[in-house]
Amino acid sequence: MIQLSNIQKSFGKTEVLKGIDLQVNKGDIVSILGPSGSGKTTLLRCINFLEKANEGTIKVDNIALDVKTASKKEITELRKKTAMVFQNYNLFQHKTVLQNITEGLMIVQKKSEKEAIEIAKTMLTKVSLEHKANNYPSALSGGQQQRVGIARALALNPEVILFDEPTSALDPELVGEVLDVIQKIAKEGITMIIVTHEMNFARDISNRVVFMDGGVVVEEGTPSEIFNNPKSDRTKQFLRRLVPEFTYEI
Amino acid sequence: MGSSFEPSLIVESIPKLLSYLHITIEILALSVGLGLLLGILIAMPRLYHIPILKEIVTVYISFIRGTPILIQLFLVFYGLPVVVGLFGIDITRMDPFYFVIVTYTLSNAAAFSEIFRGAITSVDYGQTEAAYSIGLTPLQNFYRIVFPQAFRVAFPNIANASISSLKDTSLAFSIGVMDMMGRGETLISATMHAVEIYISLAIIYYVIVLIFERLFKWIERYLNRYLVKDELSL
């Protein structure tokens, strides 16, 4: 359903992505792991053209674009099929929680105000923030803001939700509430691609894990393949540092 | 001017002067309104790095900032008919009021565009990315997400510039527009009392400025409604 072929991206002379191929099927929950600077966030941002790749093709549902020839209009059409949850939430500061969610429903999907509000309220209930509907983002905690960000993405009923390190900017005690919400919506069968540093979360939630390093996909497989039986030395090295081994427990 | 100071004249001339207040307000409203539109427009070339246009607006803004408004007024009043005359259109008999509007619009636009440019850059780019990610077009992002927030940031400066502009309207009389200032000059000739009339004028301008300041504070508070308190005190 999502097909990335030969995605290449450089910032100046630095090659960040060196020809990535990735296929994501409907209902997949794919976690992308890797050290900082491995290109995982850039890859995610290339999917909805927030970063314009230099080379390659991107296909989401029935829209296939060559990055070099894609027009602004085609890019907007592709973006309508996707939604994103950002590290820094990026809520619209001048709009209430409810308006943040209805914005895309009314302006992009041309739904009536009544219908948009109804959907928004359902989504807010899903992230347990129905009582904050009329608050402005500045009055919410980081965890609450991120849950609104998730509700905003979810409301659009996209083909895929892209999560860009959704818990990295949060205070440690707020990480749990956001991960719980993602875990909950994951059960609804929505396709998700998640860039994260939360290893246990990735292992629990995903049906596929992609390990990236140095702008290439080093290894991919099921969580148990990657976490319990990694093939490449680079993956082993990375996981050893991040996932505590049983031997430490004694 | 010869005769002794007559305080009663200050009070008496206020209603006479106020009957020309609407001219002052019209000049202000039109030049601020049109100046806002033009100001947003000429902020674009520098914000989005449009070649050639960018250089032109830079020179234009620098020129307006670097020359007195009175000279700009005379330049437009005497210069515009010459320029337009080249195309065979005669505007030498046009009401000087329009020349005032043109001058003050050009002047306000330059000031406003610089204010807007700063304000637009101050809106966090992450929100633009979020707008794109949900499928808004760049234009929709500009007028629904970026501009409303930039306007809040710009508003206090816009308000200050507008108040300066209000005071500058008193120069319109130099090219023959009959506003409060103009009426004041004729009253001085008629009564031979200059100080009293200027005191009346000073009172009127001061009170109007106070009213505008109060109004702008009120609007500012509305625009800031979505900020938390401690963010405001920064």
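The values are calculated or read from the model by the stated rules, or taken from the named source; none is laboratory data. On a predicted model such as this, the values are computed, not experimentally measured, just so you know. As a convention, Cβ positions derive from the backbone with ideal geometry for all residues, glycine included, and neighbour counts pool all protein chains shown. Keep in mind that these areas ignore ligands, DNA and RNA; they rest on the heavy atoms of the full protein, side chains included. Shrake-Rupley method; radii C 1.70, N 1.55, O 1.52, S 1.80 Å.
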Just want to confirm a number: the relative contact order over chain A, from Cα pairs under 8 angstrom separated by 6+ residues, in percent. 25 percent
Calculate one ³J(HN,Hα) per residue across the range B:109-125 by plugging θ = phi - 60° into the Karplus curve 6.51 cos²θ - 1.76 cosθ + 1.60, and present them in order as whole Hz with x for glycine and proline. 4, 4, 5, 5, 5, 5, 5, 5, 4, x, 5, 5, 5, 6, 6, 3, 5
Quick one: what does P(r) look like for the range B:107-189 with 10 Å bins over all Cα pairs, in whole %? 16, 31, 21, 15, 11, 5, 1
What FRET efficiency, computed as 1/(1 + (r/R0)^6) with R0 = 22 Å and r the Cβ-Cβ distance, is obtained for A:Gln237 and A:Asn200, rounded to the nearest 0.05? 0.75
Placing +1 on the Cβ of each Lys and Arg and -1 on the Cβ of each Asp and Glu in the protein assembly as shown, which of B:Val84, B:Val207, B:Tyr104 has its Cα farthest towards the positive end of the resulting dipole? B:Val84
For chain B, with a Gaussian network of springs between Cα atoms less than 10 Å apart, report the residue from B:Ser165, B:Ser31, B:Ser133 with the top mean-square fluctuation. B:Ser133
At q = 0.07 Å⁻¹, base-10 log of I(q)/I(0) for the protein assembly as shown (Debye sum, equal scatterers on each alpha carbon): -0.55
If you put +1 on each Lys and Arg Cβ and -1 on each Asp and Glu Cβ, how big is the dipole of the range B:21-177 around its Cα centre, in Debye rounded to 20? 160 debye
Stretchable slack from B:Met178 to B:Tyr143, in nm (0.36 nm times residue separation minus alpha-carbon distance): 8.7 nm
Among A:Lys59, A:Lys126, what's the order by accessible area (1.4 angstrom probe), most exposed first? A:Lys59, A:Lys126
Quick one: 3J(HN,Hα) in Hz for the range B:48-54, Karplus 6.51/-1.76/1.60 with θ = phi - 60°, rounded, Gly and Pro as x. 10, 6, 8, x, 6, 4, 4
For the pairs A:Lys72/A:Lys111; A:Lys52/A:Lys114; A:Lys80/A:Lys121; A:Lys18/A:Lys68; A:Lys40/A:Lys231; A:Lys52/A:Lys80, flag any whose C-alpha to C-alpha distance is greater than 25 Å. A:Lys52/A:Lys114
Per-pair calculated FRET efficiency, R0 = 45 Å: B:Ala202 and B:Asp124 via Cβ, rounded to 0.05: 0.55
Karplus 3J(HN,Hα) series, Hz, for the range A:136-149 with 6.51 cos²θ - 1.76 cosθ + 1.60 (x for Gly, Pro): 8, x, 4, 8, 10, 6, x, x, 5, 4, 5, 5, 5, x
Kirkwood Rh, Cα Rg: Rg to Rh for chain A? 0.98
Between chains A and B, what is the buried accessible area in Å², counting both sides, with a 1.4 Å probe and ligands, DNA and RNA left out, to the nearest 100? 2100 Å²
Most fluctuating residue given options B:Gly182, B:Gly118, B:Gly85, as computed from a GNM of chain B linking Cα atoms under 10 Å: B:Gly85
May I ask you to derive the relative contact order of chain B, considering only C-alpha pairs under 8 Å and at least 6 residues apart, and to give it as an integer percent? 33 percent
For the range A:38-173: span of alpha carbons on each principal axis (Å, largest first): 45, 39, 23
Which listed residue (A:Ala169, A:Ala186, A:Val60) has the Cα farthest towards the positive end of the charge dipole for chain A, taking +1 on Lys and Arg C-beta and -1 on Asp and Glu C-beta about the Cα centre? A:Val60
Under a 1.4 Å probe, counting only protein heavy atoms, A:Glu173 has an accessible area in Å², nearest 10, of 140 Å²
If each of B:Leu210 and A:Ser36 carries a label point 7 Å out from its Cα toward its Cβ, how far apart are those two points in nm? 5.8 nm
State the percent of C-alpha pairs, over all pairs in chain B, separated by a distance greater than 32 angstrom. 35 percent
